[in-house]
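Dumping the structure here so I can ask a few things about it.
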Amino acid sequence: MSIKLEHVNYIYSPETAYEIHALRDVNLEIGQGEFIGLIGHTGSGKSTLVQHLNGLVKATDGHVYFHGEDIYAHGYDMKKLRSRVGLVFQYPEHQLFEVDVLSDVCFGPKNQGLSREEAEERAKEALQMVGLSEEFYKQSPFELSGGQKRRAAIAGVLAMEPEVLILDEPTAGLDPKGRDEILDQISALHREKKITIVLVSHSMEDVAKYVGRIVVMNQGEVMYDDTPREVFRHYKELEEVGLAAPQVTYMMHALKEKGFAVDEDATTIEEARDTILKSLRGRL
Amino acid sequence: MIRDITLGQYYPADSILHKLDPRVKLVTTISFLVALFLVNSWVGYVVATIFLVSVIRLSKVPFPFMVRGLKAIFLILMITVVFNLFLTPGDRVLVHFWKLQITDKGLRTAIFMAIRLVYLIVGSSVMTLTTTPNDLTDGMERLLGPLKKLHVPVHEVAMMMSIALRFIPILLEETDKIMKAQIARGADFESGNLLQKAKSLVPLLVPLFISAFRRANDLAMAMEARCYRGGEGRTKMKPLVYARRDYLAYGTVMIFLAVIIAVRIVL
């Protein structure tokens, strides 16, 4: 068990006119090597929740454990926690500041106390993982395209070699090609490096293809926490809270209603293809 | 942490003060500040206190918000009081120790100065708490309107002010976000000596400036796209028109000023 949240509550500006109860009694366990999709519409508390996972925001009430240790305990090394739980914020390209891409990616490892050579080595490795080749090393990060900037910023967190990588809407504002590239690279990281990944998104479509487990947030509470199949069965309830199941789910349900013997729990296009073909073959 | 900074913090409430024309509130605040410097007797301060307390009661803003602004000037206030208390020569020495002495005049000046400063801050807080920054710049623009004849770019200055005010909370939020993002990458903004601290601000300031420029660019583009071309012939969505309560307020302020001046002349 790498991260565990117990009865976490968080209130913004408590006891003022602007009080917001952002998280309500959240209980969550994130296991080693999992690939989790954290889903909720705007203002559901998902961004607040992920900031609890590396101690950037302290819960108003409740506990967060990392490898069984209470991170709010006196003397707990927060800096170390943050290098083991990497958090990529929304629009991470807004945090780029160095003169060239390589130095920017080195910022994290250097803060971990690594030497210049070690940091550069890690940076190069991270840049390779996100698909930025050597020609970009000495370019100013501000001259890159939107998708390249985003990848450079993700590399900045990856270079710290975290055990858990949290990405807050990593595909926001990218075109479909850029979105698929980034998601494929994240998925490869999970497969090859065995990094635990928490992917925050409001799009079921994005996550259905990759994750093994979906946590749905609604108004600061965990609404569902299950495999994609199980969660998408509640597609009507999801619609009520402003979310939607992948289009495949709707199509499968529509086909089922028309009398086709398809598996309505198919969540990806590949699964859908297989079950449709199967049902058609059955008819012939 | 960063949200604690108050700057022209508007407190929404439904009071007569909130409804008043911003021009009235500006003129009242200026009159009140002038009155504070005219006052030089206990009677005058009693009149000013009655005025201020009734205005605060009318505003329906909780009292703690009024005195929040005092925190910022606490040091200046203390220095003023201490200097006036010990360094004013007077006729009668009240307390004498070592090389310092407190005279009757010193005590009087110190108290008056303290009251003056506190009232100054609280008085202007009443205005900023009951008026949105936009209304305030609107009011200023209209009040300074005559300066246009002297080719002072009143509208442009007012527009710049309202844009600047509008961007303060946005930039604060942005600062908070970038700070968190860099802390997540292991940045340390707290420890180290002055030089190290200054250096550690680079990862915060560079992205912040870039985002400020980007926002400025976007805003300029959006304004041009909507054919903004300055104040000439521009109409308002909510034009400022005096209502009956505004004339009443002006009357009250005139009476207040008259009383203050009368007290000053008579006593």
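The values are calculated or read from the model by the stated rules, or taken from the named source; none is laboratory data. Since we're looking at a predicted model, the values are computed, not measured. When we count neighbours, we look across all protein chains shown, and the Cβ atoms used for this are built from the backbone with ideal geometry, even at glycine. When the accessible area is computed, the model is the full protein with side chains, heavy atoms only, and any ligands, DNA or RNA have been set aside. Shrake-Rupley method; radii C 1.70, N 1.55, O 1.52, S 1.80 Å.
How about the stretch A:12-89: which strands (runs of 3 or more DSSP E) wholly inside it have at least 2 residues that are in contact with a Pro (Cβ under 8 Å, 6 or more places away or on another chain)?
Per the criteria, A:85-88.
What's the number of the only condition in (1) farther than 22 Å from B:L117 by Cα; (2) in a helix (DSSP H, G or I) that B:H96 fails to meet?
So B:H96 meets the others, but not (2).
If you take the residues of the stretch B:191-214 that are more than 9 Å from chain A (Cβ to nearest Cβ) and either touching a Phe, Trp or Tyr at 6+ places or on another chain (Cβ under 7 Å) or outside any helix (DSSP H, G or I) (or both), which of them is surrounded by the most Cβ atoms within 10 Å (Cβ to Cβ)?
So the residue we want is B:S200.
Is the stretch B:124-136 home to any residue that is within 30 Å of B:R214 (Cα to Cα), open to solvent by less than 70 Å² (accessible area, probe 1.4 Å), charged (D, E, K, R) and assigned to a helix (DSSP H, G or I)?
There is at least one residue in the stretch B:124-136 that is within 30 Å of B:R214 (Cα to Cα), open to solvent by less than 70 Å² (accessible area, probe 1.4 Å), charged (D, E, K, R) and assigned to a helix (DSSP H, G or I).
Where the second residue is open to solvent by less than 60 Å² (accessible area, probe 1.4 Å) and the first is on the phi > 0 side of the Ramachandran plot and lies in the stretch A:80-105, which pairs have Cβ atoms under 7 Å and are six or more apart or on separate chains?
Correct list of pairs: A:Y91/A:A172.
Please enumerate the residues belonging to the stretch B:169-185 that are within 7 Å of chain A (Cβ to nearest Cβ) and either over 19 Å from A:P170 (Cα atoms) or open to solvent by less than 30 Å² (accessible area, probe 1.4 Å) (or both).
B:I178, B:A181, B:Q182, B:A184, B:R185
Here's the yes/no breakdown for (1) outside any helix (DSSP H, G or I); (2) touching a residue at least 60 places away in the same chain (Cβ under 8 Å):
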{"position": "A:R150", "(1), (2)": "no, no"}
{"position": "A:G156", "(1), (2)": "no, yes"}
{"position": "A:M160", "(1), (2)": "yes, yes"}
{"position": "A:L174", "(1), (2)": "yes, no"}
{"position": "A:K177", "(1), (2)": "no, no"}
{"position": "A:D180", "(1), (2)": "no, no"}
{"position": "A:D184", "(1), (2)": "no, no"}
{"position": "A:A188", "(1), (2)": "no, no"}
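Now, a different point. Given the condition under 30 Å from A:S83 (Cβ atoms) and part of a loop (DSSP other than H, G, I, E, B), answer yes or no: does some residue in the stretch B:166-181 qualify?
no
Among the residues of the stretch A:93-126 satisfying the criterion of being part of a helix (DSSP H, G or I) and either in contact with a Ser or Thr (Cβ under 6 Å, 6 or more places away or on another chain) or at the interface with another protein chain (Cβ under 7 Å from one of its Cβ atoms) (or both), which is surrounded by the fewest Cβ atoms within 10 Å (Cβ to Cβ)?
The qualifying residue surrounded by the fewest Cβ atoms within 10 Å (Cβ to Cβ) is A:H94.
Follow-up. Can you tell me which residue among A:G156, A:G178, A:G131, A:G146 is in contact with a helix residue (DSSP H, G or I) (Cβ under 8 Å, 6 or more places away or on another chain), within 14 Å of chain B (Cβ to nearest Cβ) and at pLDDT below 90?
One residue alone meets the criteria, A:G146.
Let me ask something else. Which members of the stretch A:198-233 meet the condition of being in a helix (DSSP H, G or I) and open to solvent by 30 Å² or more (accessible area, probe 1.4 Å)?
A:E205, A:R229, A:E230, A:R233
Moving on. Filtering the stretch B:221-239 down to residues that are assigned to a loop (DSSP other than H, G, I, E, B) and either within 14 Å of chain A (Cβ to nearest Cβ) or open to solvent by less than 50 Å² (accessible area, probe 1.4 Å) (or both), which residue is nearest to A:L81 (Cα to Cα)?
Here the residue is B:G230.
So, one more: For the condition among the acidic types (D, E), in a helix (DSSP H, G or I), within 14 Å of chain A (Cβ to nearest Cβ) and over 27 Å from the mean Cα position of the chain (by Cα), what is the one hit in B:D218, B:D188?
Residue meeting the stated conditions: B:D218.
Give the residues of the stretch A:4-42 that are under 19 Å from the mean Cα position of the chain (by Cα) and either more than 28 Å from A:E237 (Cα to Cα) or free of Cβ contacts under 8 Å to residues at least 12 places away in the same chain (or both), sorted by residue number.
Matches in the stretch A:4-42: A:Q32, A:G33.
Here's something else I'd like to know. Working carefully through the options B:V27, B:V34, B:V61, find the one that is closer than 30 Å to B:P239 by Cβ and open to solvent by 70 Å² or more (accessible area, probe 1.4 Å).
None of the other options fit; the residue is B:V34.
Counting only residues that are part of a helix (DSSP H, G or I) and of a type in the set (V, I, T), which one in the stretch B:150-165 is least open to solvent (accessible area, probe 1.4 Å)?
Here the answer is B:V154.
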